[in-house]
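Everything below concerns the one structure shown next.
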Amino acid sequence: TTDEIIAELIEVLGRDFIKETASGDYRDFILSELLSQSIALEPIYNEFVIREDKSDDKFINCALTANADIVSGDRHLLSLRKYKEVNILIPREFLERLK
């Protein structure tokens with residue numbers, strides 16, 4: 001992950017509709033688990049891919065740097081399905097590949 005991705009997660013976890021469905025303790029748990037299971041990196045790519053939502057480019061650049069795939073529900077990312085060597089999967093596809 002990157003500092004930019006972590007900042008977005010913190011922002012999303014603070015949104016009203018998330019606060020209405022997830023307790024503060026649960027939101028803190030999600031963030032702490034992500035941080036404990038992640039490796040922070042500085043992206044070496046600066047690709048401009050997602051015209052509809054340029055803020056999604058940070059996920060592409062992180063995945064390219066880490067040689068990783070993306071698991072997301074974001075429609076802009078999912079519309080690509082693949083970018084260079086990065087596969088973009090919905091969570092169900094990711095779980096099926098783990099079997």
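Using r as the Cβ-Cβ distance of Ile10 and Glu93, and R0 as 25 Å, what FRET efficiency do you calculate, to the nearest 0.05? Don't jump to the answer; show the numbers that get you there.
Details: r = 27 Å, r/R0 = 1.07.
After rounding to 0.05, the efficiency reads 0.40.
Which value in deg cm²/dmol, rounded to the nearest 500, describes the helix-derived mean residue ellipticity at 222 nm for the chain, given -39,500 (n - 2.57) per DSSP H run of n ≥ 4 and division by the residue count?
The per-residue figure over the chain is -16000 deg cm²/dmol.
Along region 82-89, what does the Karplus equation 6.51 cos²θ - 1.76 cosθ + 1.60 (θ = phi - 60°) give for ³J(HN,Hα), rounded to whole Hz, x for Gly and Pro?
Result, ordered by residue: 7, 9, 6, 8, 8, 8, 10, 10 Hz.
Shape verdict for region 1-59, please, from the Cα gyration tensor: rounded (a/c under 1.5), prolate (a/b greater than b/c) or oblate. Walk me through the numbers before you get to the answer.
Values: a/c = 4.09, a/b = 1.52, b/c = 2.70.
Because a/c hits 1.5 or more and a/b fails to exceed b/c, region 1-59 counts as oblate.
What's the center-to-center distance, using Cα atoms, between region 50-73 and region 83-99 in Å?
Taking the Cα centre of each part, region 50-73 and region 83-99 sit 13 Å apart.
Can you tell me the 0 to 90 degree angle between the C-alpha axis of helix 24-37 and the longest principal axis of the chain, rounded to 10?
Rounded to the nearest ten degrees, it is 40.
Quick check for me: using +1 on Lys/Arg Cβ and -1 on Asp/Glu Cβ, what's the dipole size of the chain about its Cα centre, in debye to the nearest 20?
Approximately 440 debye in magnitude.
Out of region 37-78, which trypsin sites (Lys or Arg not before Pro) are coil in DSSP terms and have no more than 15 other C-beta atoms within 10 Å?
Values: sites: Arg51, Lys54, Lys58, Arg75; in loops: Arg51.
The qualifying sites are Arg51.
Note down the net charge around Ile90, summing +1 for each Lys or Arg and -1 for each Asp or Glu among other residues with Cβ under 12 Å from its Cβ.
Around Ile90, the surrounding residues sum to 0.
Treating cross-link reach as a plain straight distance, find the lysines whose alpha-carbon is under 26 Å from the alpha-carbon of Lys84, omitting any fewer than eight places away in the same chain.
Lys54, Lys58, Lys99
Taking 7 Å along the Cα-to-C-beta vector as the label spot, tell me the Ser32-Asp53 distance in nanometres, rounded to one decimal.
2.9
Just in region 1-86: which chymotrypsin sites (Phe, Trp or Tyr not before Pro) are loop by DSSP and have at most 11 other Cβ atoms within 10 Å?
When the chymotrypsin sites (Phe, Trp or Tyr not before Pro) of region 1-86 are filtered for loop state and at most 11 Cβ neighbours within 10 Å, Phe48 remain.
Over the Cα atoms of the chain, Rg to Rh with Kirkwood Rh, two decimal places? Mind showing how you got there, number by number?
Numbers: Rg = 14.1 Å, Rh = 14.6 Å.
Here the Rg-to-Rh quotient is 0.97.
DSSP loop (so not H, G, I, E, B), at most 10 other Cβ within 10 Å: list which GluC sites (Glu not before Pro) in region 44-99 pass both filters.
Qualifying residues, ordered by number: Glu52, Glu85.
Read the figures in this text as sums done on the coordinates, not as results from a lab. Bear in mind that the values here come from a model prediction, so they are computed numbers and not experimental data. Glycine gets a Cβ as well: all are built from the backbone with ideal geometry, and neighbour counts include every protein chain shown.
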